[in-house]
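Following: one structure in structure tokens, then a few remarks.
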Amino acid sequence: MTAVITRGVLFIHSAPRALAPHVEWAAGGVLDTRVSCDWTDQPAAPGCLRTELSWQGPQGTGARLASALRGWAHLRYEVTEEPSQGCDGGRWSHTPELGIFHAVIDVHGNNLIPEDRIRDALDAGGDLTQMRRKLDLALGQAWDDELEPFRYAGAGAPVRWLHQVG
């Protein structure tokens, strides 16, 4: 049986300069190839760098990349994995303050909120503020709010494609 191949992008929105080689090493370990990124200054966080790395690999590579970087202090990143045969896509967002958030993504790029999360929001007892808070949490709104200035500051940055060899 051959593995289904998918692709995605690792967005490092901000990393202290000293972390850059460690990020490359961790990504290379997951992708089973040497990674050398084109780092640029991150205007939204003076003294930090940003980069984007497009990748291709078996289903689940996005989760492995997110896990390899999870919990690193001062690191803001996102990993995307496109939907592929028999599998929805995913997006993992991480900030030092909030930790990691995962969303299942459909073929159109929409977040898929699990039924139990929707039911929990509906059980807010008519309190619209509480319902909104729970739906914002299910959508990862706090992560989007924190990462948006870093995404905007990186618009137009170069992207490098890597293909998994293993």
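What follows draws every value from the coordinates through simple rules; no lab data is involved. It should be emphasised that the depicted structure is a prediction, and the values quoted were computed from it without experimental measurement. Every residue, glycine as well, gets a Cβ built from its backbone with ideal geometry; the counts of neighbours run over all protein chains shown.
For residues in segment 106-136 being among the β-branched types (Val, Ile, Thr) and either closer than 24 Å to Ala44 by Cα or exposed (fewer than 11 other Cβ atoms within 10 Å of the Cβ) (or both), which is nearest to the chain's Cα centre (by Cα)?
Val107
From (1) in contact with a Leu (Cβ under 9 Å, 6 or more places away or on another chain); (2) within 26 Å of Trp25 (Cα to Cα); (3) not polar (S, T, N, Q), pick out the condition that doesn't hold for Glu97.
Status for Glu97: all satisfied but (1).
Out of the residues in segment 1-35 meeting the condition of being among the polar types (S, T, N, Q) and in contact (Cβ under 8 Å) with a residue 40 or more places away in the chain, tell me which one is nearest to Gly109 (Cα to Cα).
Across segment 1-35, the extreme among qualifying residues is Thr6.
Considering only residues of segment 100-138 that are without any contact (Cβ under 8 Å) to a residue 12 or more places away in the chain and among the charged types (D, E, K, R), which is farthest from Ala68 (Cα to Cα)?
Asp127
Here is a list: Leu69, Leu98, Leu75, Leu139. Which entry is surrounded by 14 or more Cβ atoms within 10 Å (Cβ to Cβ) and touching a Ser or Thr at 6+ places or on another chain (Cβ under 8 Å)?
Unique residue meeting the criteria: Leu75.
State which residue is nearest to Gln85 (Cα to Cα) when the search covers only segment 1-35 and only residues that are assigned to a helix (DSSP H, G or I) and of a type in the set (Val, Ile, Thr).
Checking each candidate, the answer is Val30.
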